[in-house]
Amino acid sequence: MADKELVDYIKKTKKMGFDIDKIKSRLIEAGHPNHEIHNAVKAADTKTNLKVFLLIFFIAIAGVFSIGMLYKLVNNMQEFSNPSESISASVVAETNRCASLENPEAVDLCFYNFAKDTKDPKTCYRIEEEQIRDFCLFLLADAEVDCSKILIQDLKEKCENS
């Protein structure tokens, strides 16, 4: 086992910028045996290497965790921004049919009815009119909606009676 005083001396002088060969020479001149100097140098380097290893290890773990969280965030954003990616081909076909209608109110009504028939709240996000979209989400996702803000009378009544 290395002499603690020698290990501390080597660490201290290395931090001060002295070359390891010069440190060894001074220790030999001071009368320390070569094997003690060798063991102390090895112990001083091992402790430093362990600290560096642990630092790199924890940085790597933090990096992997950060990348995983970023991947999850991007994945969730893509799913929310494009709900048709995670649904079947028949849903995509019906979505295209609804979107091809010329009247914006008819488009919203088509999406509303399709969402209600399939019980798929993701389809509600295709509805442009905010009140109809909110009501659709309220029916399908059991979301809380302030019925008093719905201006379309028959939807407002359905909301209040639900």
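Things worth noting here:
- Residue that is among the aliphatic types (A, V, I, L, M), surrounded by fewer than 16 Cβ atoms within 10 Å (Cβ to Cβ), modelled with pLDDT of 85 or more and farther than 30 Å from Tyr9 by Cβ, where the choices are Ile56, Ile67, Ile127, Ile87: Ile67
- Scan of the stretch 1-30 for residues that are surrounded by fewer than 13 Cβ atoms within 10 Å (Cβ to Cβ) and outside any helix (DSSP H, G or I), ordered by number: Met1, Met16, Gly17, Asp19, Ala30
The values are calculated or read from the model by the stated rules, or taken from the named source; none is laboratory data. In this text, all values refer to a predicted model and were calculated from it rather than measured experimentally. Neighbour counts run over all protein chains shown; Cβ positions are idealised from the backbone, glycine included.
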